[in-house]
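Take a look at the structure set out below.
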Amino acid sequence: MASYSQIIGDLENIFASSEWVSNDIQAYPSNIAPTSNRPNEYVIIEVLPAQELNIQYGDEKQVAGLIILQIYTPVNTGTRRIYEISDLLDDVLNKKVIGDSIQTSASSLDVKGNDLDDPSLFRADYVLRFSSY
Amino acid sequence: MSLRNLVETQVSAAFDLLGDLKQTIVFSTTTNRDYNFATGEVSESSTDITLEGVIESITINEDRSSSNIIEELSVKFIVNKADLGDSYNQFDSFTADGRTYKILEFTDNGYSVEGIGVGG
């Protein structure tokens with residue numbers, strides 16, 4: 001089984017790659033408060049490796065869970081940008097083998113609406129299931 | 001003189017009148033925090049601002065049944081906004097009397113900044 005550290009490391013490496021950085025969309029991990037103002041649109045990365053799969057092949061243990069990318073765009077700008085950003089996330093995350101530890105499933109998009117904490121932002125959750133090996 | 005300038009002048013005068021009730025406080029404000037996705041490391045820098053303000057201890061050891069040891073001090077602080085400027089954040093820290101406190105919450109009314117720090 002890949003360690004938890006390896007799972008988060010492999011996933012976060014995606015957001016350091018030139019393929020993602022060239023999109024010019026700021027990404028933040030959970031649990032960090034930027035000291036400068038956040039840009040008009042950004043994503044926040046959450047990993048929930050909360051599902052233990054059946055033990056297979058002796059002591060090998062696998063973990064599965066969800067990868068959630070919270071997508072924020074300004075209100076009063078329609079929803080098209082949400083879908084465009086989701087396509088960009090698909091390019092790097094959808095049905096991929098990431099690093100040595102994660103395999104992702106097909107993505108889905110949950111459009112949430114105005115953000116409860118900051119009504120000037122519109123939020124959608126881009127969601128993937130993943131399994132680690 | 002505008003009303004805003006008048007209030008600012010009076011707030012400064014009030015802090016002058018506090019005399020030795022004030023003490024030196026060093027605020028450390030965090031800037032340029034950034035997360036490196038390749039390494040998982042957070043980079044940030046810190047800037048110190050030294051000013052004078054009032055510190056009031058508010059620690060109350062309520063749970064006397066289990067222990068009389070005070071594990072963490074809580075204090076209130078109030079400073080002149082003109083001395084502090086704008087660049088401070090929640091969870092920044094300040095040092096007074098050799099103790100360092102983390103800012104848990106603060107209120108900025110435009111003329112003074114007051115808040116609660118824990119630690120020490």
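Of all residues in the stretch B:11-49, those satisfying the criterion of being polar (S, T, N, Q) and more than 8 Å from every other protein chain (Cβ to nearest Cβ) are B:Ser12, B:Gln23, B:Thr24, B:Ser28, B:Thr29, B:Thr39, B:Ser43, B:Ser45, B:Ser46, B:Thr47. Candidates B:Gly85, B:Gly53: the one that is farther than 21 Å from B:Val118 by Cβ and either more than 14 Å from chain A (Cβ to nearest Cβ) or at pLDDT below 95 (or both) is B:Gly85. The residues in the stretch A:17-58 that are surrounded by fewer than 16 Cβ atoms within 10 Å (Cβ to Cβ), among the aliphatic types (A, V, I, L, M) and modelled with pLDDT of 95 or more can be counted, and the count is 1. For A:Ser105, indicate whether it is touching a strand residue (DSSP E or B) at 6+ places or on another chain (Cβ under 6 Å), over 18 Å from B:Glu41 (Cα atoms) and of a type in the set (Gly, Ala, Ser). Judged against the criteria, A:Ser105 is a match. Regarding B:Asn5, is this residue within 11 Å of another protein chain (Cβ to nearest Cβ) and at pLDDT below 95? Taking the combined requirement at face value, the residue does not satisfy it.
Every condition in (1) surrounded by 13 or more Cβ atoms within 10 Å (Cβ to Cβ); (2) closer than 23 Å to B:Asp86 by Cβ is met by B:Tyr35 except one, and the failing one is (2).
Of the residues making up the stretch B:77-114, those that are in contact (Cβ under 8 Å) with a residue 12 or more places away in the chain and on the phi > 0 side of the Ramachandran plot are B:Gly85, B:Phe91, B:Asp97, B:Gly110. Scanning the stretch A:1-55 for residues that are in contact with a strand residue (DSSP E or B) (Cβ under 8 Å, 6 or more places away or on another chain), part of a loop (DSSP other than H, G, I, E, B) and more than 8 Å from chain B (Cβ to nearest Cβ) yields A:Met1, A:Ala2, A:Ile25, A:Ser30, A:Arg38, A:Pro39, A:Asn40, A:Glu41, A:Leu53. Being of a type in the set (Phe, Trp, Tyr), more than 14 Å from chain B (Cβ to nearest Cβ) and surrounded by fewer than 16 Cβ atoms within 10 Å (Cβ to Cβ) is true for just one of A:Tyr83, A:Tyr72. Which residue is that? Sole residue among the options that is of a type in the set (Phe, Trp, Tyr), more than 14 Å from chain B (Cβ to nearest Cβ) and surrounded by fewer than 16 Cβ atoms within 10 Å (Cβ to Cβ): A:Tyr83.
The values are calculated or read from the model by the stated rules, or taken from the named source; none is laboratory data. Quantities reported herein were computed from a predicted structural model and do not represent experimental measurements. When we count neighbours, we look across all protein chains shown, and the Cβ atoms used for this are built from the backbone with ideal geometry, even at glycine.
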